[in-house]
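Encoded as structure tokens, the structure appears first; notes follow it.
Bear in mind that the values in this text are calculations on the coordinates, not laboratory data. Just so you know, these numbers come straight off a predicted model, no measurement behind them. A quick note on method: Cβ atoms are made from the backbone with ideal geometry, for glycine too, and the neighbour counts reach across all protein chains shown.
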Amino acid sequence: MKNNNYRYRLADPELGSGELELLTQCIDEGMISSQGRFVEQFEAEFSAACQAKYGVAVANGTCALHLALETLGLGPGDEVIVPSLTFIATANAVRYTGATPVFADVDPQTLCLSVRTVEPLITRKTKAVIPVHLLGQPCDMPGICRLARERSLHVIEDAAEAHGATVHGRPVGSFGEINCFSFYANKIITTGEGGMCVTNDAALANRMRVLRGHGMDPHRKYWHPLVGYNYRLTNLQAALGVAQLPRMNQWIEKRRWIFSRYRELLAPLGDAVYFLPERSGTKSACWMSLVLLRDPAGRDALLEHLSSEGIESRPLFWPVHHLPPYRGAATAPLPATEDVSRRGILLPSHPKLTEADLEVICHAFGAGLAGRKILEGSCANS
Ligand SMILES: *Cc1c(COP(=O)(O)O)cnc(C)c1O
């Protein structure tokens, strides 16, 4: 049954007096559209957190991806390698430019693109690759960047789910040429709707600013040398981002703790469930806690059971190449994508969750998995 009154929601953003105070300043100052000091402040502070020089705030993460691809000159006739295991916006942004998304499989250990899955798909038409740091787990960026350099490909990180994740201590968003974040309400920090492109290249940043604002010449008002977009973030939204950012790392630590508690609390289920390891040298932002079922047949019943207990959960993404706009678009089989997308369940993962909440959720999970009562005692008492 559909239940919109979940006691335990998948996502629940922390919003409080800090956000309210900055929103009030926007209203008091009459600065509610995209002019205003919070946009620049958020761009500067967020890009610094990514160890990137420039940030260009945009209306959402999908706009960020489209703006990045346009700015790099992608268009009809070009191929862009993307994972099929992602939120559909990654592929849609490629389509908006007229380029063709080419679907690659993921590494089953990380659920991310890897050199092994990308390299065989490179053709003379391939111009770019979009590694997606799925669920907060970073891709092998040193490997992908090396491959891209050898084959002259652009790299655009889709870091919409991975703010603050690192590879050898270096944050995602600092590896590709232009890297994209989302601040949708369920992401690691939120502006309601919002996104950002970050880059170390001043020329790319300037071009993105022009394209973001109707293609207007920055030195000649209302002169538009090209067809741009209105992809701006508002000062109101940026104010939320400024208020959220100082707490980002603390929330990531909480999300990491939540994932580790799910592993521990569900351990009595034995090999009926399994979890992905964190690849050595990387730090996941643990955006969403993923549990994989050894036997995918019971998944839908388990989702129903959790829902009936007031617990919101959801299956992992459908492979994008199974969705109507992209059906048949994969040229090679994508076994890891197909497999994991049938087995995966995402559990509530937001920083408001307590130990007691996680115990309730795990207890219901154990009961719902083929009616097993495995967790009685183990979950509730631990
Ligand atoms: C959320 C998300 C996006 C899109 O972000 P919006 O802000 O919702 O447009 C893109 N890619 C991935 C992987 C996402 O999870």
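Data for the structure
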item: Mean residue ellipticity (222 nm) of the chain, computed from DSSP H runs ≥ 4 via -39,500 (n - 2.57), nearest 500; result: -10500 deg cm²/dmol
item: Crossing angle, helix 299-308 versus the chain [Cα axis fit, 0-90 degrees, rounded to tens]; result: 90 degrees
item: Euclidean distance of C-alpha centroids, region 194-267 and region 67-100, integer Å; result: 18 Å
item: Within the chain, longest stretch free of exposed chymotrypsin sites (Phe, Trp or Tyr not before Pro) [DSSP loop, at most 13 other beta carbons within 10 Å]; result: 1-221
item: Net charge over other residues, Cβ less than 10 angstrom from the Cβ of ASN179 (K, R count +1; D, E count -1); result: -3
item: The chain, dipole about Cα centre (Lys/Arg Cβ +1, Asp/Glu Cβ -1), debye to the nearest 20; result: 620 debye
item: Folded to 0 to 90 degrees: helix 141-150 orientation relative to the chain principal axis, Cα; result: 40 degrees
item: Rough spin-label spacing in nm, given labels placed 7 Å along Cα→Cβ, for LEU15 and ASP28; result: 2.1 nm
item: Computed FRET value (nearest 0.05) for VAL115 with ALA301, which takes r as the C-beta separation and R₀ as 41 Å; result: 0.60
item: Label-point separation in nm, TRP257 to ALA203, each point 7 Å along Cα→Cβ; result: 4.7 nm
item: Spherically averaged projected area in nm², based on the convex hull that wraps the Cα atoms of region 240-382; result: 11.2 nm²
item: The chain: angle of helix 37-49 to the longest principal axis, Cα-based, in degrees nearest 10; result: 60 degrees
item: Potential lengthening between GLU338 and GLU45 on full extension [0.36 nm per residue; Cα-Cα distance subtracted]; result: 101.6 nm
item: Footprinting exposure proxy for ILE178, ILE32 (fewest neighbouring C-beta atoms within 10 Å first); result: ILE32, ILE178
item: Paired Rg and Dmax values of the chain, which use every Cα atom, in angstrom; result: 21.1, 71
